[in-house]
Amino acid sequence: MLTPFRTDPAVKSHEWVRRMSFFFIGLLLWQCFEVLDGYWWEETFAVVHGVLIAVMLTEILLPVPRIIRLLLQGVLLIGINVYLTKFSWTPIGSTPGGGAVWWDGLMYNLNQLQPYFWISLIVWVAYQGMGRWAVSRQQIVTATAMILTVLLVADSFTPLPLWDNIAWAIFIGLIWLVADHFAQFQAKHPDSWNHLRSYPASILVPTLLIIAVVMSSGLFVPSIAPILKDPYTVWMESRGHSVPSFVGDKGNPNPSLRTRDNRSGYSRQDEMLGGGFEFDYSTVMEVTTSRRSYWRGETKSLYSGDGWRKSDSERREPSLIGLAREQKLPLENGPDGTKGRIEVTQNVKMVRKDAFPVLFGAAPIQTIKSIRYGEGEERLPNRLSWHSASWELRWPEDTTDTPYPDSYTVVSSMPVLDEEGLNKADTNLGSVQQNRMYLQLPDELPERVRQLTLQITADAKTPYEKMKSLENYLKTNFTYTNTPDISKRKSSDFVDAFLFEVMEGYCDYYSSALAVMGRIIDVPTRWVKGYAPGVLPLDQMMYQPQFTVDPDGSGTYTVRNADAHSWVEAYFEGYGWIPFEPTAGFTFPYAQAENDTQQQLDLPETTPDTETVETESESAGPNWVGYTGLAILAGLAVFAVYRRRQIVDSLIRYRFRKFTPSQRIVWETGKLLRYGKRKGLPFSENDTVRETLTSWIRERSVLDQELSGVLRQFEQAKYSGLAASDEEMKQFIALTKTVRERM
């Protein structure tokens, strides 16, 4: 006679360990699911979490045979999917003898559960598999390590902040190991275990105290470089990557004691510029756009010698309120209508919940499509105002009744770069008051700033050429750093100190200098702040498949505090305010005319790298195959050697079949950087291509001319918006090949 509910006493004594194991596995998987934030829909999270809770409760609370628990879990899985997906059964029509109609109707109903049912089924299978497998201490450590690896890799290569999940995973793993230790102790020393059960506090209190000390020590000990690094960090650094640490200030109750002056982000005051900052990579917003651009915020025109602020004219600027959707926003000092413009649609999703004084977008914003709050609420605030002279879409200052939106969509009208026309354009604004405002300079501006400006622009013939000369001078003669050595500063003027004393800095230094120097040569300028484009998801420019790159840069950009930026706009008659980017390592993504199509690739002849051929040769011919397999492989190898040129050419043509010449230049640059890294040259994924190649020039001065040529052609191909020709591409490939050979 079967007695399914009666178990052996030894097995029964360890039943609590099995149940706790399922509990710990459920908690670890819960932490792991956070990696999919932004990829799963909210309904998917609800279904998966519901299924996970249901199977955890049945495994922990129901002392019934396994087959009954599994059947019950299957029923719960289906029920949760039906309930949370709002499944609605549609009656199946029938016709005499029409079996296909019945089947189609059934498939129609079941498709309502797609893809939630299959995802939750995979989660259930994974949960049961781990629960049945992780029974020994080694397997517990392995299971925890697998979850931690997923979290650590996702934290390093995605914008998701997962350190809390990592801490919880470590805590859960420690508790699980403690429970396993007590289970082993109970099995080996049952008498001692029975004695300890009489005093549970003597077990739990020391255990929890030790774990609490271990977990909290990471927050309260001083932030120093680790002596022993975890395997993941060692592996990443061995490949030339860096693994950022964000623990530094988490346990610091006094933010003023940080080692840096402040953290990067959108500044609320610009009247006193200078100092240094610490990069903050937390996400501010996500911008889905049809074209890459800078996300413009505010402009300021009054330079005091210390920083920038709104002039009296800007503060009294008339504004347009009561805006409506799709309303064409007027532009003062905009293009005359005959110049090329390209419409750019941007959907901005705010991640950081701060209230900003403006709505961001490519310049200038042309219409507002929608402004959304929370779940579906959509409206334009009455006090939202458009300032046509400064091109600012200002949010109401009082956000009590009008909270900053969760997301919004705007359409901008970006100018097409027309250098030939700009070289013929005048820079007179027409209005005496506006000319005075945008040409204002402090009375005490040092004379050497004027002399340097005139010296740089002496050979330029037009205002546009002069601005480009100043822009190039600043890009190539000053070092970008977020921690400039301000101890070198002696001058009371911010721009003067940058140009002649500090000679290094970040965007505020460069942009202020260009705005001031532009005014010296009588070009109206204004200082602009906002955000650089940001990064595409998992975007490591040199590692993503380059054939997926959109030449217009469309996509969803993650914009972080570290992307806060400032640049300059200069006025040219007929074109309006044109952006200039003087900061080293940055290039403004000017729009390219849509009828300027890039030519398709006519690939040059090339040969594979020696290292690639050697690797393929070593991996071919494993020693565990039979003689027949070896003979086949040998025959294929002979054929491959005989036809190697044709095979290589075919593979190259196939790989780069959708590349334009500009995209091929970008790809070849990435190939060169990876080659240089293998040869021991300095490389960091956080550095720009300009910073990397500049450091290479310092180490290999004999390659100065070649590396400078690589950098010039790369920046032109990636950022200028001008299409490279086939001949330029072939010359660039030959140049990079020469550089690799000389390395």
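Every number here is computed from the coordinates shown, using simple stated rules; none is lab data. Small disclaimer: the values here were computed from a predicted structure and weren't measured.
Less than 5 angstrom separates the built amide H of Asp406 from those of Arg372, Tyr373, Gly374, all sequence-distant by 5 or more or on a different chain. In sequence order, region 726-743 has phi-based couplings of 4, 5, 4, 5, 4, 5, 5, 4, 5, 5, 5, 5, 4, 4, 4, 5, 6, 5 Hz under the Karplus curve 6.51 cos²θ - 1.76 cosθ + 1.60, θ = phi - 60°, and Gly or Pro positions carry x. Each residue of region 448-456 was assigned a 3J(HN,Hα) from its phi angle through the Karplus curve 6.51 cos²θ - 1.76 cosθ + 1.60 (θ = phi - 60°); the sequence is 5, 5, 5, 5, 5, 4, 5, 5, 5 Hz, with glycine and proline shown as x.
Amide H contacts of Val351 (H built 1.01 Å from N, in plane; Pro and chain starts excluded): Met285, Glu286 sit under 5 Å, all sequence-distant by 5 or more or on other chains. Taking amide H as placed 1.01 Å from N in the peptide plane, Ala591 has its amide H under 5 Å from the amide H of Leu417, each at least 5 places away in sequence or on another chain.
Could you sort out which of Lys369/Lys424; Lys300/Lys466; Lys300/Lys339; Lys475/Lys529 sit more than 28 Å apart by Cα distance in this structure? Over 28 Å apart, Cα to Cα: Lys369/Lys424.
3J(HN,Hα) along region 342-349, derived from phi through the Karplus expression 6.51 cos²θ - 1.76 cosθ + 1.60 where θ = phi - 60°, amounts to 10, 6, 10, 9, 10, 10, 9, 10 Hz, with x in place of Gly and Pro.
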